[in-house]
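Below: one structure, written as structure tokens.
The values are calculated or read from the model by the stated rules, or taken from the named source; none is laboratory data. Computed from a predicted model, the values in this text were never measured in an experiment. As a convention, Cβ positions derive from the backbone with ideal geometry for all residues, glycine included, and neighbour counts pool all protein chains shown. Surface areas here come from the heavy atoms of the whole protein model, side chains and all, with no ligands, DNA or RNA. Shrake-Rupley method; radii C 1.70, N 1.55, O 1.52, S 1.80 Å.
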Amino acid sequence: MKALDRKLLRDLGRLRGQVVTIALVIACGIAQLVTFVTLYRSLEASRDTFYADTRFADVFVHLDRAPRSILPRLAEIPGVARVNGRSVGDFRLELPNVTVPLLGRFVSLDGPPDARLDEPFIDDGRTVTPGSSNEVVVSELFAHARDLHPGGSIVAVLGGHAVTLRVVGIATSPEYVIAVNPRSGFPDASTFGIFWMDGDALSKAMGESGEIDDVVLTVAAGADEANVIAAVDRELEPYGGTGAIPRAQQGSARSLDSKIEQYRSMSKFVPFVFLGVAAFLLNLVLSRIVGAQREQIATLKALGYGTGALARHYALLALAICGLGGGLGVLLGLGEGQLAVRSLLRFFNLPVLVFRFDAAAAIAGVIASFVAGLLGAFGAVRRTIRLPAAEAMQPEPPESFKPTFIERLELDRLLGVAGRMVLRDVERHPVRLALSALSVAMATSIMLVGTTMTDSLERAITNQFTRVEREDLTVAFDRPKSAEAVRELEHVPGVVHAEAQRAVGAKLTHGWRERDLAILGVPRNPQLRRLEDARGEPIRPPTSGVLLSRPLAQILDVRAGDDVDAEVLEAGRLHLPLRVEGFVDDFSGLSAYMDLPELERRLGEPPTVSGAFVSVARGDLPAVTARIDRLPGVASYSEPALDRAQFETQMSDSLRAMTVMLAIFASIIAVGMVFNNARIALAMRSRDLATLRILGFTRGEVATVLLGEQAIQLVLGIALGLPLGYGLGAAALGAIPPELFRVPPVLAASSLVWAVTVVLVSGIGCALWVRREADRLDLVSVLKARD
């Protein structure tokens, strides 16, 4: 073995503490890269496989009601490959000992399974028997949440009659990978499930024998989807409904695509924050490690070792550390990625998740760390090699012996001797101080990313369910009704106030941009469901025109005063020109709001409502829900308090895991930086520290000299890291597709204390360990003249 190779092994052993801490920092960055890339690629592959296996449709249409005879005419449209007609309806569910409102979406199964589109994938049990009147297949997440199995039963209120249905199978469907409860607007598998039932039985229960209210179709290869959708709309225009939409706008598919895009954005953002921190620390620390071996490099140069041999030696040192960190990071990323992928099954109705490991991303991360390590090593080696050997063998002279700025102001007199030595060292090495403080700032900022997201979401949820959604119940009718339905609700004992709402499906168009949504008619002075601006101030709907949620305005590229065209997706297909009067900063979804009387006037209809918000006297909620449950025409009701609890549970699980993970990584970075800085300072200044001990300095004073600069770096780094972390957290929130949620960044004081505490404890613990090493210095051996 060559001498330099033996030196390399000795260096790795002697520097094992620094090697391990640097490798752990690298591992954190690469693990995050592997995890996030694996997450979105696995979800993307699982989606594509599932869609293909279940013949997921390309175009979706919901109608008011149409005869089945329309299907052959749709099949004849050029570009249509296959078409299915169905019945779809939402009905209340009842389970023993369950008091929360349950809702089921029932979808008919018509024709042979191999001819159906959006065929549910049976995970357990079997599909329904053709002609059966009481068999159902249940969506998997709802079945698990309510402990339903093949052979069990559930009661559904179909057509106003309670019917006991027998569960024969558990399934997943490409149409409901993300099943959003229409009452709350959030995915909630514990209160909302999908049920598949024989087509004839469901049509009879809905009073639609021989008719359909839903159509799905596929587009032939090479056909123009937009032309097909336009032709379908023309054919179905007499039957009302929401109009044909492509797969990209179907509720579940759009939500799933948004989730994948969110994970893709995170894979480009969060891991590279870690990798950037890792590369910076690696460059900084390796540069200092090599700088500490200045005399060794000069000696090797004097003994005849050339620049190439020395460069190779330190390159191998850097590569060994990077290789250790890279290998550990890939392994950690694989394990974390598998856990993350498996956890997705709790939120997505997928039969299986395909695991996709992106080796290219992992290799790119490892190469990035190698480059950072080589640059850090070569910079220090180059500076030393350029010096004559005799000069390089001597300790590096101080940058300046001039009085420092603090000394010129005579402020140093306020400090002891040890304190003055620390301040001189800090002021004479400003670049070293700045870089070290920046590394601590990065650790602090990473810690704050998760807490900023958690605090912001908690504030947004609190605002939504206390300031905006003030109702105790949200009631939905089975079809638009006269305003008398709201007055009936107000006469229910225990009801304090009922507030009407009218939802009208529409296609809003501005130029070439368009979006399908619901125009919501609200009272002129809403009390239970408020509209707010960006400052949280209440907004009243204008007496004319429309208010748009801010993301919708951005999608349509409209400003206040612009006109949009609203095509009402109901029978008659009215076109309403509407002026944009302002914007609403709501929490989720895309919506347009109008004054309810104005909407009724523009539609040319008498006072009509499709739902209501209800406030209930304290303590009367169970009795009121029981009475409302028996009212004819009530399709469903929900309790916002329960929706909030469910949503918080779902979000807190994932955010809590992220916060803990970021805390661990931030601690590793803080430890890595403080430990390496202090360890290198100990190695470079051991003679000086031993001299101070001989001159009578106490161990505490010597520790102050050694660790004083590290303490200043820690304090400055934390101060800089707090605003940096807030900015990174805000950027992470900005990666959430605005059509899902809009969460303004907020940072609570408790989170600041938590982040500062984690970084301080990590840094102080590491500094105490280095002080112990300093206390154990052998003064005689350290003070011996170097040969």
Worksheet entry | Positions within the stretch 449-474 being part of a helix (DSSP H, G or I) and of a type in the set (A, V, I, L, M), in sequence order | Val449, Met453, Leu457, Ala460, Ile461, Val468
Discussion item. Among the residues that make up the stretch 183-196, is at least one of them farther than 22 Å from Ser69 by Cα, acidic (Asp, Glu) and at pLDDT 90 or above?
Written reply: no
Worksheet item: Considering the stretch 165-185 alone, what residues qualify as being open to solvent by 20 Å² or more (accessible area, probe 1.4 Å) and farther than 20 Å from Pro101 by Cβ?
Response: Arg166
Worksheet item: Do we have any residue at all in the stretch 306-326 that's open to solvent by 40 Å² or more (accessible area, probe 1.4 Å) and touching a Ser or Thr at 6+ places or on another chain (Cβ under 9 Å)?
Response: no
Worksheet entry | Single match in Glu235, Glu295 (criterion: modelled with pLDDT under 80 and either of a type in the set (D, E, K, R) or within 30 Å of the chain's Cα centre (by Cα) (or both)) | Glu295
Worksheet item: Restricting attention to the stretch 490-500, does a residue exist that is under 24 Å from Ala566 (Cβ atoms) and not hydrophobic (A, V, I, L, M, F, W, C)?
Response: yes
Worksheet item: Does Leu682 fit the bill of being more than 19 Å from the chain's Cα centre (by Cα), modelled with pLDDT of 80 or more and open to solvent by less than 30 Å² (accessible area, probe 1.4 Å)?
Response: no
Fill in: Close pairs (8 angstrom Cβ cut-off, 6 or more residues apart or separate chains): touching a residue at least 40 places away in the same chain (Cβ under 8 Å) in the stretch 616-630, of a type in the set (Phe, Trp, Tyr) and surrounded by 14 or more Cβ atoms within 10 Å (Cβ to Cβ) anywhere
Thr625/Tyr637; Ile628/Tyr637; Asp629/Tyr637
Worksheet entry | Which numbered condition Arg65 fails, given (1) crowded, with 16+ Cβ neighbours inside 10 Å; (2) more than 22 Å from Gly193 (Cα to Cα); (3) touching a helix residue (DSSP H, G or I) at 6+ places or on another chain (Cβ under 8 Å) | (1)
Discussion item. Condition (residue is in contact with a strand residue (DSSP E or B) (Cβ under 8 Å, 6 or more places away or on another chain) and of a type in the set (Gly, Ala, Ser)) applied to the stretch 54-69: is it met by at least one residue?
Written reply: yes
Practice prompt. Among residues belonging to the stretch 482-502 that are crowded, with 18+ Cβ neighbours inside 10 Å and among the small types (Gly, Ala, Ser), point out the one that is farthest from Ile245 (Cα to Cα).
Written response: Gly494
Response to the item:
Considering residues that are within 24 Å of Tyr51 (Cβ to Cβ) and part of a helix (DSSP H, G or I), the number found within the stretch 192-204 is 1
Worksheet entry | Subset of the stretch 95-150 (residues that are under 35 Å from the mean Cα position of the chain (by Cα), open to solvent by 30 Å² or more (accessible area, probe 1.4 Å) and of a type in the set (Lys, Arg)) | Arg105, Arg146
Worksheet item: Does any residue of the stretch 256-263 turn out to be among the β-branched types (Val, Ile, Thr), within 38 Å of the chain's Cα centre (by Cα) and open to solvent by less than 20 Å² (accessible area, probe 1.4 Å)?
Response: yes
Practice prompt. Working carefully through the options Leu435, Leu448, find the one that is open to solvent by 40 Å² or more (accessible area, probe 1.4 Å) and either modelled with pLDDT of 70 or more or in contact with a Leu (Cβ under 6 Å, 6 or more places away or on another chain) (or both).
Written response: Leu435
Worksheet entry | Condition check for Pro632: closer than 25 Å to Phe186 by Cβ and either modelled with pLDDT of 70 or more or not in a loop (DSSP other than H, G, I, E, B) (or both) | no
Worksheet item: What is the residue count in the stretch 72-91 for residues that are over 31 Å from the mean Cα position of the chain (by Cα) and buried (at least 16 other Cβ atoms within 10 Å of the Cβ)?
Response: 13
Fill in: All positions within the stretch 157-177 that are modelled with pLDDT under 90 and among the small types (Gly, Ala, Ser)
Gly159, Gly160, Ala162
Fill in: Qualifying positions in the stretch 205-249 - in contact with a Pro (Cβ under 7 Å, 6 or more places away or on another chain), assigned to a helix (DSSP H, G or I) and open to solvent by 40 Å² or more (accessible area, probe 1.4 Å)
Glu225
Worksheet item: Residues in the stretch 704-729 that are among the aliphatic types (A, V, I, L, M), touching a helix residue (DSSP H, G or I) at 6+ places or on another chain (Cβ under 7 Å), within 29 Å of Ile446 (Cα to Cα) and open to solvent by less than 60 Å² (accessible area, probe 1.4 Å): how many?
Response: 7
Worksheet entry | Residue count, the stretch 186-204 (criterion: over 30 Å from Gln464 (Cα atoms) and either open to solvent by less than 10 Å² (accessible area, probe 1.4 Å) or within 33 Å of the chain's Cα centre (by Cα) (or both)) | 6
Worksheet item: For the stretch 336-363, which residues satisfy the criterion of being free of Cβ contacts under 8 Å to residues at least 60 places away in the same chain and closer than 30 Å to Ala315 by Cβ?
Response: Ala359, Ala360, Ile363
Worksheet item: Can you pull out the residues in the stretch 732-753 that are open to solvent by 40 Å² or more (accessible area, probe 1.4 Å), modelled with pLDDT under 80 and in a helix (DSSP H, G or I)?
Response: Gly734
Item to complete: Run Arg579 past the list (1) over 21 Å from Thr242 (Cα atoms); (2) open to solvent by less than 50 Å² (accessible area, probe 1.4 Å) and report the number of the one that doesn't hold.
Response: (2)
